[in-house]
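Below is one structure, written out as structure tokens, with a few remarks after it.
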Amino acid sequence: MNTTSVSLLSLQVKSEGPKLVPFFKATCVYFVLWLPTSSPTWYSALIKCLPIFCLWVFLLAHGISFLGAHSSARKILAGLIFSALGDAFLIWQEQGYFSHGLLMFAITHILYSSAFGMKPINSRAGLVIGVISGLSYTLLYPYLSGPFTYLVAVYIALIGFMGWRAIAGVQLANDLWTWTKLSACLGAVLFMVSDLTIAVNKFCFPVPHSRAIIMATYYAAQMLIALSAVECQDADASWKRA
């Protein structure tokens with residue numbers, strides 16, 4: 001990472017940090033209240049979705065013109081909307097809404113994949129993610145039954161594809177990267193960690209502190225992916241001067 005890259009990253013943090021304050025506050029509210037999941041209510045659904053709502057506001061705060069000019073930002077905003085729906089469904093997963101939540105997040109991953117794009121291909125990253133996805137499904141398969149046998153397979157393929165497209169954009173060795181691509185990469189990896197923890201905890205065996213692990217990685221993932229949608233005009237100007 002050269003000096004110019006560090007300066008640009010510093011500018012981005014100063015520019016975008018204040019816009020994320022509501023998200024951090026909403027996340028703190030979720031963890032402080034730590035409402036029980038055994039008796040889901042619309043209030044608990046609101047508290048769980050509130051950080052994602054704040055990420056909607058974060059993207060909208062960059063202006064309608066910004067969203068109109070950047071299709072990737074629009075797709076990420078749409079992904080966040082489906083994520084909130086998925087979060088709400090998963091509040092009532094024990095009442096039979098788990099598959100509904102799965103569908104919402106499947107749509108989210110399709111939107112994120114489209115936002116990240118297909119260039120560069122980076123087949124090596126795709127191969128690594130493919131192997132990890134295959135191993136994950138191999139771990140889960142003995143515990144799956146009924147429609148979840150194929151629903152989980154499709155979901156793993158979609159989130160794996162999303163992870164590949166996010167990771168493929170980062171080329172650290174050649175110094176061909178931007179902070180937004182790095183943010184997308186880290187966000188995608190954390191999203192995969194969160195969802196794998198959900199799957200193992202639901203279908204295989206109880207994971208210690210699973211809820212804390214799932215939600216911490218999930219909120220961090222969504223924040224990083226939302227950040228990947230924005231560019232700072234000041235940083236762009238500095239890059240041109242450099």
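A few comments on the model shown:
- So Y155, is it surrounded by 15 or more Cβ atoms within 10 Å (Cβ to Cβ), hydroxyl-bearing (S, T, Y), within 27 Å of I47 (Cα to Cα) and in contact with a Gly (Cβ under 7 Å, 6 or more places away or on another chain): no
- For beta carbons closer than 7 Å, sequence separation of 6+ or different chains, a first residue in region 13-36 that is over 16 Å from C49 (Cβ atoms) and a second that is open to solvent by 40 Å² or more (accessible area, probe 1.4 Å), the qualifying pairs are S15/D234; K19/A61.
- Among the residues making up region 193-211, those that are in contact (Cβ under 8 Å) with a residue 40 or more places away in the chain and either open to solvent by less than 50 Å² (accessible area, probe 1.4 Å) or not in a helix (DSSP H, G or I) (or both) are D195, A199, V200, F203, C204.
- From the list F105, F66, the one residue that fits, being modelled with pLDDT under 95, part of a helix (DSSP H, G or I) and under 24 Å from L20 (Cβ atoms), is F66.
- With respect to the stated conditions, L50 fails to be open to solvent by less than 10 Å² (accessible area, probe 1.4 Å) and touching a helix residue (DSSP H, G or I) at 6+ places or on another chain (Cβ under 8 Å).
- Filtered residue count, region 37-47, keeping only those that are open to solvent by 20 Å² or more (accessible area, probe 1.4 Å), touching a residue at least 24 places away in the same chain (Cβ under 8 Å) and in contact with a Phe, Trp or Tyr (Cβ under 9 Å, 6 or more places away or on another chain): 1
The values are calculated or read from the model by the stated rules, or taken from the named source; none is laboratory data. All of these numbers come straight from a predicted model, not from anything done at the bench. As a convention, Cβ positions derive from the backbone with ideal geometry for all residues, glycine included, and neighbour counts pool all protein chains shown. Note: accessible area is taken over every heavy atom of the protein model, side chains too, but ligands, DNA and RNA are not part of it. Shrake-Rupley method; radii C 1.70, N 1.55, O 1.52, S 1.80 Å.
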